[in-house]
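These notes are about the structure you will find just below.
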Ligand SMILES: Cc1ncc(COP(=O)(O)O)c(C=O)c1O
């Protein structure tokens with residue numbers, strides 16, 4: 001596969017804002033930069049897509065079919081993958097036709113993706129496996145579930161576990177939970193193949209749900225992973241895609257420190273991190289890793305952030 005522009009994610013100490021530094025002694029907090037592994041095909045999206053792309057190639061497909069909303073990071077990355085790897089791409093987009101195209105959808109089209117707009121009722125069928133199979137047949141395409149949330153997406157996210165070694169806690173944002181589950185399984189596999197000491201040393205994952213009303217999803221995910229991992233359901237700031245002034249202010253402050261955040265996922269997790277820092281709830285003896293899951297193109301959906309999209 002021609003993925004020459006992809007790089008291994010870097011890890012850095014998180015820039016501690018001056019106002020936070022005054023409050024507490026610094027803790028060991030690093031950030032895993034998945035947002036910068038590729039100019040477009042970045043974040044957790046690459047990990048969710050990589051095995052799907054390989055499977056599509058192996059099965060002889062020359063086109064990919066998926067679905068998403070008008071600001072979808074997944075569709076943006078998929079369109080790029082199609083362009084780089086030579087697949088045709090088609091996407092079902094949630095009820096949109098009468099509105100001007102978002103910057104995300106304009107990019108998708110420029111990268112060669114065909115867009116098919118579905119009303120909200122029809123779009124709900126994306127959870128029906130039979131409907132998905134029919135669409136894949138009709139479009140002679142390899143079907144990838146919304147957000148890349150499928151078995152092969154999960155498998156790709158297992159690979160994130162190797163970057164989490166040596167930390168006590170790993171924090172990340174949660175949408176569907178595919179990345180959380182994949183990472184948890186990756187950690188479990190490393191533990192199972194390690195010495196007894198290393199088994200004990202695997203980090204705990206703290207997920208922060210970006211959606212409102214995700215309590216049932218959190219319970220379901222935690223039941224699947226077992227162990228001491230946790231999911232916070234109260235840091236969504238009003239729900240998926242909601243971006244209050246306080247979040248915009250935080251993003252702009254981190255911009256000044258050279259750390260660019262997306263408003264839908266990682267910024268909300270970083271806000272939760274700050275609140276715990278300010279409240280003295282971080283443990284000075286622990287090592288923390290925060291995962292930046294990408295999605296910077298989504299800043300264009302928020303007018304006050306759209307002028308500064310890295
Ligand atoms: C930038 C970004 N971060 C985090 C997530 C959440 O990932 P998941 O749906 O695997 O929980 C998504 C959605 O895929 C995303 O686009």
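As a proxy for reagent exposure, ranking 206, 230, 300 by other Cβ atoms within 10 Å from fewest up yields 230, 300, 206. The stretch 272-288 and the stretch 216-252 have Cα centres spaced 17 Å apart. Relative to one another, the C-alpha centroids of the stretch 143-204 and the stretch 54-99 are positioned 25 Å apart. Helix 215-225 axis versus longest C-alpha principal axis of the chain: approximately 80°, rounded to the nearest ten. Using the Cα gyration tensor of the stretch 125-256, with a ≥ b ≥ c the square roots of its eigenvalues, what is the shape: rounded (a/c below 1.5), prolate (a/b larger than b/c) or oblate (neither)? Because a/c hits 1.5 or more and a/b fails to exceed b/c, the stretch 125-256 counts as oblate. Using the Cβ-Cβ distance between residue 4 and residue 151 with R0 = 25 Å, the FRET efficiency computed as 1/(1 + (r/R0)^6) comes to roughly 0.40.
Compared with the dominant principal axis of the Cα atoms in the chain, helix 44-58 is inclined by about 40°.
Overall shape of the stretch 257-310 was characterised from the C-alpha gyration tensor. The equivalent ellipsoid obtained from it has semi-axes of 26, 11, 9 Å, in decreasing order. Taking packing as the residue-averaged number of other Cβ atoms within 10 angstrom, the listed peptides 45-51, 213-219 run from highest to lowest as 45-51, 213-219. Using the Cβ-Cβ distance between residue 59 and residue 125 with R0 set to 35 Å, the FRET efficiency from 1/(1 + (r/R0)^6) comes to roughly 0.90. Quick check: the angle from helix 73-85's long axis to the longest principal axis of the chain, C-alpha only, nearest 10 degrees? Around 60 degrees separate the two axes. For the stretch 90-154, the fraction of alpha-carbon pairs lying more than 20 Å apart is 31 percent, rounded to a whole number. Residues within the reach of a label modelled at residue 230 (point 7 angstrom out along Cα to beta-carbon, backbone nitrogen below 16 Å), restricted to the stretch 264-281, are 269-281. With equal scatterers on the alpha carbons only and no solvent term, can you work out the Debye log10 of I(q)/I(0) for the chain at 0.10, 0.12 1/Å? So the normalised log intensities are -0.56, -0.81. Taken along the Cα-to-beta-carbon direction at a fixed 7 Å, the label points for residue 162 and residue 307 span 4.2 nm. Run the paramagnetic zone check for residue 192: 7 angstrom along Cα to Cβ, then residues of the stretch 132-161 with backbone nitrogen under 19 Å. Only 151-161 pass the distance filter. Once the C-beta distance of residue 242 and residue 278 is scaled by a Förster radius of 22 Å, the resulting FRET efficiency is 0.50 to the nearest 0.05. Each listed q (0.13 Å⁻¹) maps to a log10 I(q)/I(0) for the stretch 1-72 from the Debye sum over equal C-alpha point scatterers, namely -0.59. Counting every other Cβ atom within 10 Å of each residue's Cβ, 167, 123 order from fewest to most as 123, 167. Look at the alpha carbon pairs under 8 Å that are at least 6 residues apart: their mean separation over the length of the stretch 44-151 gives a relative contact order of 35 percent. When its C-alpha radius of gyration is set against 2.2 N^0.38 Å (N residues), the stretch 44-151 gives a value of 0.97.
Coordinate-derived values only; no laboratory data. Predicted model only: the values in this text are computed from it and were never measured. Counting neighbours? That spans all protein chains shown, and the Cβs are built from the backbone with ideal geometry, glycine included.
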